[in-house]
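Report on the following structure.
The values are calculated or read from the model by the stated rules, or taken from the named source; none is laboratory data. Please read these numbers as outputs of a predicted model, since none were measured by experiment. A quick note on method: Cβ atoms are made from the backbone with ideal geometry, for glycine too, and the neighbour counts reach across all protein chains shown.
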Amino acid sequence: MNSSIFFEKKNIKINKIFPKIKFRNNFVVNSIQPLSKANDKDITFFDSIKYKDDINLIKPCICITSDKLKSLLPKNYTIIVVKNVLLELARVTKLLYPNSDIDYPDLLVKDSKKMKFNKVKFGNNVLVGKNVKIGTNSLIGSNTIIESNVVIGKNCIIGSDVIIKNSIIGNEVMIQDGCKIGQKGFGFIPSKEKNIKFPHIGKVQIKDFVEIASGCTIDRGSIDDTIIGQNTYLDNQVHVAHNVKIGNNCMIAGQVGFAGSSTIGNNVSIGGQAGVSGHLKIGNNVKIGGGSGVVKDIEDNQVVMGYPAIPLRNFLKNSKDE
């Protein structure tokens, strides 16, 4: 079953995707999934040793990888070795999901007043796409656009001038004015002739009781999803890149930026204008001082500050020495 409700998928058999390889069973590919979620009819990828713990050891699948990493994969995997894993993944994803590399405007949105939503209040000029679901007692501000297939829970408050696409939003979520949620992330493969856009077939998941302040941007996932955990608060102008996962009960101050595919634990507090580099793991109960630059993993219960971010005690000592 195709897991994406936002992007139309072509039914293509595995032999057509990889014509130089002979497969015993010429099945229709289900989808493209990260290592931890891939099943026997999915295509996955392994491009960095950082993700070796995500390998699903039980379920066989088709895995695109490099010559250096192939020995780390289980024997029940069908391994496809390529020179550039992400380039090949982009090719395959584009083949299966032809419209996932460009954010086309949803031309099927209609005036909310022409649609039937029980116990939902709309401001002026609200546009709503096909198959949108909005829970009871939710309120949608003026000039907001909710594109097709988006799900919004009960008792939500969505401000004015908000655009939501490719997203599933829980109950009692507050999204303030001017936020953009679910757009394509900043993903491309550099090339001398022409930079290649990386398709984005993931979505944004916003859990219950989340509050997102004005002017935030939250990109949808590329292959996996972008997730904001329950009861987490984002201040104004926070940027969350593709595949980022923020845990529960986090407090993120204004103008913080998260680069792609970083994972943030529960009960994390981050001061204003801090930056978190991509593909990092930030533990639970971590505090990151304002203006800090996080460039490596942080274990649980740490307090860090500075650029590069170091334990607060060391930061204060270095400041005195200066």
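Would you point out the residue of region 111-125, among those that are modelled with pLDDT of 95 or more and of a type outside the set (S, T, N, Q), that is surrounded by the most Cβ atoms within 10 Å (Cβ to Cβ)?
For region 111-125, the residue satisfying everything is Phe122.
Would you mind stating whether Gly141 is under 22 Å from Phe6 (Cβ atoms), surrounded by 15 or more Cβ atoms within 10 Å (Cβ to Cβ) and of a type in the set (Gly, Ala, Ser)?
no
Identify, please: which residue in region 44-55 is touching a helix residue (DSSP H, G or I) at 6+ places or on another chain (Cβ under 6 Å) and not aromatic (Phe, Trp, Tyr) and is, among those, nearest to Thr78 (Cα to Cα)?
Here the residue is Thr44.
Val128 is checked against (1) among the β-branched types (Val, Ile, Thr); (2) surrounded by 24 or more Cβ atoms within 10 Å (Cβ to Cβ); (3) closer than 26 Å to Pro34 by Cβ and fails just one. What number does that condition carry?
It fails just one condition, (3).
Looking at region 263-295 only, could you name the residues that are under 24 Å from Asp53 (Cβ atoms) and not hydrophobic (A, V, I, L, M, F, W, C)?
Selection gives Thr263, Gly265, Asn266, Asn267, Ser277, Gly278, His279, Lys281, Gly283, Asn284, Asn285.
Only one of these conditions is not met by Phe315: (1) in contact with a Lys or Arg (Cβ under 8 Å, 6 or more places away or on another chain); (2) farther than 27 Å from Lys50 by Cα. Which number is it?
The failed condition is (1).
Spot the failing condition for Ala259; the list is (1) over 12 Å from the mean Cα position of the chain (by Cα); (2) more than 29 Å from Asn30 (Cβ to Cβ), and only one is missed.
In the conditions (1) over 12 Å from the mean Cα position of the chain (by Cα); (2) more than 29 Å from Asn30 (Cβ to Cβ), Ala259 misses (1) alone.
Please go through region 28-42 and pick out each residue that is touching a helix residue (DSSP H, G or I) at 6+ places or on another chain (Cβ under 6 Å) and at pLDDT 90 or above.
Of everything in region 28-42, those that are touching a helix residue (DSSP H, G or I) at 6+ places or on another chain (Cβ under 6 Å) and at pLDDT 90 or above turn out to be Val29, Ile32, Leu35.
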